[in-house]
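Report on one structure; see the data block that follows.
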Amino acid sequence: MTALSQRAPRRPGGRGGQPPFVTTVIVNWNTVDLLDDCLASVAAEIPDGFTHQVVVVDNGSRDGSAEWLRTRHPDVTLIESPVNLGFCRANNLALRSSSSKFVLLINTDARLTPGSFQAMLDRLSDDPRAAIVGPRLVYGDGTFQRWTAGAPIGLRSMATYLFGLDRLGGRSLARQGLYLGRDTSESFQPGWVSSAVMLIRREALDEFGLLNDSIFVYMDDVDLCHRARAANWHVWYAADATAVHLMGASTKRVTGKASPEALRALNRWFVQTHGADRGRSLRALEVAGFGARIAAYGAVAAAAGAGFAATQARSAEARAQAAAHLAHLKLALEAIDVAD
């Protein structure tokens, strides 16, 4: 059992001993330089009159995050772990320590934009069976981030994604892949929304349970939304709410790129949820899909490589894409460890 320390805020979140209306939960791992902007964006979006508590769980950071929070943000409830507990266990520490009506999960590399919190809250208010709402996510330059939401993960949605049908097909197919195939101005009920920013109704969370402690990182949002829908609660994508997501700050500082654990986690979760037989079918789809992408990018690289400088640059990009999908194909062939 990991020893933890917790410091209560100077001011309680609620009044008269009542729990706060909303608790914001932030898990931090060596991203001290991102915390100020994240906290400021949340503070600016919580409407006046709402009681609000902020809980930051520091996951064994070595960059001075905890001391910085104690000095700069004494009203934040700080929970310190001497080790990295992973995303789910750290969030659950904060969730178990709070009892607010709503919970906002937000990554340190995410920023709320004006009106985003109210738009998500309105969605929960309009639908009494809405359990989870996620906003539209964009990169720092404002371009759409397609892994903001996606269809329920099954063989059909994976095939739609792997063979590019979500991007090449019509509007209906754009919502049927692993990720959204295109930006949309219409709110709808997807299979899952990203936990980079997620507003949750506490009543629903009490029914279908907290985040899955067995998941260290990745697939936590898919799993939570899957259990919400299985319990007849609704998951919403709020197209009228936008948040900035800088993407994978903690992971990229270690690896320099998105972690291959994302695909491993997907395959592991799929087998645990849908069984070994369907897991083998998924991996066959992955091999075919990534193989097709390698062939396509390889053809582009060969055709463009003999041209002028502009086409040679296109060839280099195509070769890089082919190499990335080759790495994905190799990961798809790995044995899936579901012992955990």
(message) Per residue of segment 135-152, what does 6.51 cos²θ - 1.76 cosθ + 1.60 with θ = phi - 60° give for ³J(HN,Hα)? Whole Hz please, x for Gly and Pro, Karplus curve as stated.
(response) x, 5, 10, 10, 6, x, 8, x, 6, 5, 10, 5, 7, 6, 6, x, 6, x
(request) Have a look at ARG314, ARG156, ARG129 and tell me which one the Gaussian network model of the chain (Cα, springs below 10 Å) gives the largest fluctuation. (result) ARG314
(message) If amide hydrogens are placed 1.01 Å from N in the peptide plane, which non-local residues have theirs closer than 5 Å to the one on VAL27?
(response) VAL57, ILE106, THR108
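Considering the convex hull of the alpha carbon atoms of the chain, report its projected area averaged over all viewing directions, in nm², one decimal. Mind dumping the intermediate values first?
Working: hull surface 74.1 nm².
Mean shadow area of the hull around the Cα atoms is 18.5 nm².
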(message) Explain nothing, just compute: Karplus ³J(HN,Hα) = 6.51 cos²θ - 1.76 cosθ + 1.60, θ = phi - 60°, for every residue of segment 269-276 in order, whole Hz, x for Gly and Pro.
(response) 4, 4, 5, 4, 8, 10, x, 5
(message) Using protein chains only and a probe of 1.4 angstrom, how many square angstrom of VAL338 are accessible, to the nearest 10?
(response) 60 Å²
(request) Report the accessible area of SER172, computed with a 1.4 Å probe over the heavy atoms of all protein chains in place, in Å² rounded to the nearest 10. (result) 80 Å²
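For the chain, what does -39500 (n - 2.57) per DSSP helix run (n ≥ 4), summed and divided by total residues, give at 222 nm, in deg cm²/dmol to the nearest 500?
Values: 12 runs with 148 residues, N = 340.
Taken over the chain, the calculation gives -13500 deg cm²/dmol.
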(request) Multiply the residue gap between SER125 and GLU334 by 0.36 nm, knock off their C-alpha separation, and tell me the result in nm, one decimal place. (result) 70.8 nm
(message) Please list, in order along segment 225-231, the HN-Hα scalar couplings obtained from phi with the Karplus expression 6.51 cos²θ - 1.76 cosθ + 1.60 (θ = phi - 60°), rounded to whole Hz, x for Gly and Pro.
(response) 5, 4, 6, 4, 5, 5, 8
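Cα gyration tensor of segment 172-299, axes a ≥ b ≥ c as square roots of the eigenvalues: rounded (a/c below 1.5), prolate (a/b > b/c) or oblate?
Numbers: a/c = 1.44, a/b = 1.32, b/c = 1.10.
Since a/c stays below 1.5, the shape of segment 172-299 is classed as rounded.
The values are calculated or read from the model by the stated rules, or taken from the named source; none is laboratory data. It should be emphasised that the depicted structure is a prediction, and the values quoted were computed from it without experimental measurement. Surface areas here come from the heavy atoms of the whole protein model, side chains and all, with no ligands, DNA or RNA. Shrake-Rupley method; radii C 1.70, N 1.55, O 1.52, S 1.80 Å.
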